[in-house]
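S.K.: Take this structure first; my questions come after.
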Amino acid sequence: MAIFHPIRKSAPCIKKLERPILTPADMPYESTLVFNAGVTKFNGKYVMVFRNDYGTDEERFLKERCFPATSIGVAVSDNGIDNWQVRTTHLFDSPVTKAESNGWIGRFYDPRITVIEGKPYLCMASDSKRGIQGVIAEVDDNFEKATVLSMSAPNNRNMVLFPERIGGMYMRLERPMAMYSDDAYCFDIWCSKSPDLKFWGDIKHIQRHDKMPFSNDKIGPAAPPVKTEKGWLTTFHCVESNPEWGKNGWEPRWPHRYMGGIMLLDLEDPSKILGMYKQPLLAPDMPYETDEGFRQNTIFPGGMILEDDGEVKIYYGASDTYECVATAHVDELLKLCLESNN
Ligand code: BMA
């Protein structure tokens, strides 16, 4: 096991399970990596929409250096923890056709789910030779068919929708990738508004990637925000890079550690941060996060559910290989965000 310094640990209030909750071995179809899922509670069931990369394995990947195909799969569970029933059909498979994507050919990945006014929507990233766009799609109530509503301009990889309109407008967090900033690149978190989920504007800057206390590289929105009395509780991912971190998974070099952070945004104006935990909420510290899989030390949260009893389930991809869940009480998470000496 590679030990990275400084050592980072998940917040003390976080409970993780012994093993991931969904893996490539659980798939009824070809699968190499199952990760970066969105999860919601819908009509009494937990619905997970996940990324499935397939068409290679470790040996082939080392020669060809690519994942030829990605599909977006669906799994359903009664308790959000185990017994996930994986559907045999996908919402999307690559290459995504022109008809499915308003003229796009490529792949969709990293889905997040938000239910707004009783209707589920997906945010995804899409790749092509002309850049990365953020995709918003509506999904039918059975999670059998998704239809693209809008796509952002390149390059914008991480978008999440708020679960209700704020001041009459739909809102999203997003992470455009600016190339001509005063830094070599500028991967910050922004937020914008829309009257109809298609036209987006009134963009406001939220958080700089280069002002993070425990990372020094990109940041981006993670799971869709959850409403609490104190504000919008929301996770983000952040990347710590160090050229000395060499082999860290299948590739000869992967000098990065991805972690999950948590912050609280103002209920009426979510472009205002009310508080942020100054340490990682989720750091890679379980063997399946540090010692197994494609890209080790990679935590990528995509789903967060607040239960009636105050338990928060946080779903995240680990090692770009598995889907996992961690839990914490909402009061503890709020305390992390609001207590200044963290
Ligand atoms: C990001 C995305 C994610 C992935 C992460 C770590 O840029 O591609 O899907 O989890 O890198 O590999």
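The values are calculated or read from the model by the stated rules, or taken from the named source; none is laboratory data. Since we're looking at a predicted model, the values are computed, not measured. As a convention, Cβ positions derive from the backbone with ideal geometry for all residues, glycine included, and neighbour counts pool all protein chains shown.
S.K.: Can you name the residue in segment 1-52 that is of a type in the set (V, I, T) and in contact with a Leu (Cβ under 9 Å, 6 or more places away or on another chain) and is also nearest to S319 (Cα to Cα) among such residues? Reasoning before the result, please.
M.R.: Applying the first criterion (of a type in the set (V, I, T)) to segment 1-52 yields 3, 7, 14, 21, 23, 32, 34, 39-40, 47, 49.
Among the residues that remain, those that are also in contact with a Leu (Cβ under 9 Å, 6 or more places away or on another chain) are: 14, 34, 49.
Values: I14: 18, V34: 10, V49: 18 Å.
Of everything passing the filter in segment 1-52, V34 is nearest to S319 (Cα to Cα).
S.K.: Which of the residues spanning segment 33-64 are over 30 Å from L306 (Cα atoms) and either surrounded by 24 or more Cβ atoms within 10 Å (Cβ to Cβ) or free of Cβ contacts under 8 Å to residues at least 40 places away in the same chain (or both)? Don't jump to the end; show me each part of the working.
M.R.: As a first pass, look at segment 33-64 and keep what is over 30 Å from L306 (Cα atoms): 54-64.
Result: Y54, G55, T56, D57, E59, R60, K63, E64.
S.K.: Which fully enclosed strands (runs of 3 or more DSSP E) of segment 166-265 have 2 or more residues being at pLDDT 95 or above and closer than 25 Å to S319 by Cα?
M.R.: Details: elements: 170-176, 189-194, 201-207, 219-221, 226-228, 231-241, 256-265.
Hits in segment 166-265: 170-176, 219-221, 231-241, 256-265.
S.K.: Go through the residues of segment 70-79 one by one and say whether even a single one is at pLDDT 95 or above and touching a helix residue (DSSP H, G or I) at 6+ places or on another chain (Cβ under 7 Å). Step through it out loud before you land on a result.
M.R.: Initially, segment 70-79 is screened for residues at pLDDT 95 or above, giving 70-79.
With touching a helix residue (DSSP H, G or I) at 6+ places or on another chain (Cβ under 7 Å) added as a condition, the list becomes none.
Checked segment 70-79: no residue is at pLDDT 95 or above and touching a helix residue (DSSP H, G or I) at 6+ places or on another chain (Cβ under 7 Å).
S.K.: So, one more: Based on what the data block shows, is D320 of a type in the set (D, E) and either within 14 Å of the ligand (Cβ to nearest atom) or on the phi > 0 side of the Ramachandran plot (or both)? Give the derivation first.
M.R.: Details: of a type in the set (D, E): yes; either within 14 Å of the ligand (Cβ to nearest atom) or on the phi > 0 side of the Ramachandran plot (or both): yes.
Yes: the conditions hold for D320.
S.K.: Which condition number does P12 fail, the rest of (1) surrounded by 18 or more Cβ atoms within 10 Å (Cβ to Cβ); (2) within 25 Å of P224 (Cα to Cα); (3) without any contact (Cβ under 8 Å) to a residue 40 or more places away in the chain; (4) out of contact with any Ser or Thr (no Cβ under 6 Å at 6 or more places or on another chain) being met?
M.R.: (1)
S.K.: Give the residues of segment 296-332 that are farther than 15 Å from K16 by Cβ and not in a strand (DSSP E or B), sorted by residue number.
M.R.: The answer is Q296, E307, D308, D309, G310, D320, T321, V330, D331.
S.K.: If you don't mind, there's one more thing I want to ask. Take Y109 and tell me if it is under 22 Å from V47 (Cβ atoms), within 16 Å of the ligand (Cβ to nearest atom), touching a residue at least 60 places away in the same chain (Cβ under 8 Å) and aromatic (F, W, Y).
M.R.: Against the criterion (under 22 Å from V47 (Cβ atoms), within 16 Å of the ligand (Cβ to nearest atom), touching a residue at least 60 places away in the same chain (Cβ under 8 Å) and aromatic (F, W, Y)), Y109 qualifies.
S.K.: Just give me the residues in segment 187-231 being more than 30 Å from K9 (Cβ to Cβ), buried (at least 16 other Cβ atoms within 10 Å of the Cβ) and touching a residue at least 24 places away in the same chain (Cβ under 8 Å), in sequence order.
M.R.: Of everything in segment 187-231, those that are more than 30 Å from K9 (Cβ to Cβ), buried (at least 16 other Cβ atoms within 10 Å of the Cβ) and touching a residue at least 24 places away in the same chain (Cβ under 8 Å) turn out to be K193, S194, L197, W200.
S.K.: Of the numbered conditions (1) more than 16 Å from the ligand (Cβ to nearest atom); (2) surrounded by 23 or more Cβ atoms within 10 Å (Cβ to Cβ), S101 satisfies every one except a single condition; which is it?
M.R.: (2)
S.K.: Now for a different question. Give segment 5-41 a look and list any residue that's of a type in the set (G, A, S) and more than 16 Å from the ligand (Cβ to nearest atom), or say none.
M.R.: First, pick out the residues of segment 5-41 that are of a type in the set (G, A, S): 10-11, 25, 31, 37-38.
S10, A11, A25 - these are the residues of segment 5-41 that are of a type in the set (G, A, S) and more than 16 Å from the ligand (Cβ to nearest atom).
S.K.: Between a first residue in segment 284-301 that is in contact (Cβ under 8 Å) with a residue 60 or more places away in the chain and a second residue that is more than 10 Å from the ligand (Cβ to nearest atom) and among the aliphatic types (A, V, I, L, M), which pairs have beta carbons less than 6 Å apart while being 6 or more apart in sequence or on different chains?
M.R.: From segment 284-301, the pairs are T290/M1; D291/M1; I299/M259; I299/L282; P301/A222; P301/A223; P301/I314.
S.K.: Mind checking which residues of segment 112-127 are touching an Asp or Glu at 6+ places or on another chain (Cβ under 9 Å), within 16 Å of the ligand (Cβ to nearest atom) and either without any contact (Cβ under 8 Å) to a residue 40 or more places away in the chain or part of a loop (DSSP other than H, G, I, E, B) (or both)?
M.R.: Across segment 112-127, the qualifying residue is only A125.
S.K.: Follow-up. Suppose we filter segment 223-273 for residues that are small (G, A, S), farther than 16 Å from N297 by Cβ and within 15 Å of the ligand (Cβ to nearest atom); how many remain? So that I can check it myself, show each step before the final result.
M.R.: First pass over segment 223-273, keeping only residues small (G, A, S): 223, 231, 241, 246, 249, 260-261, 271.
Keeping just the survivors that are farther than 16 Å from N297 by Cβ gives 223, 231, 271.
Now restrict to residues that are within 15 Å of the ligand (Cβ to nearest atom): 223.
Qualifying residue count for the region: 1.
S.K.: Could you tell me whether segment 199-217 includes any residue that is out of contact with any Asp or Glu (no Cβ under 8 Å at 6 or more places or on another chain) and within 13 Å of the ligand (Cβ to nearest atom)?
M.R.: no
S.K.: Which of (1) among the hydrophobic types (A, V, I, L, M, F, W, C); (2) under 26 Å from Y29 (Cβ atoms); (3) over 21 Å from the mean Cα position of the chain (by Cα) is the odd one out, the single condition I81 does not satisfy?
M.R.: Tallying (1) among the hydrophobic types (A, V, I, L, M, F, W, C); (2) under 26 Å from Y29 (Cβ atoms); (3) over 21 Å from the mean Cα position of the chain (by Cα), I81 fails exactly one: (3).
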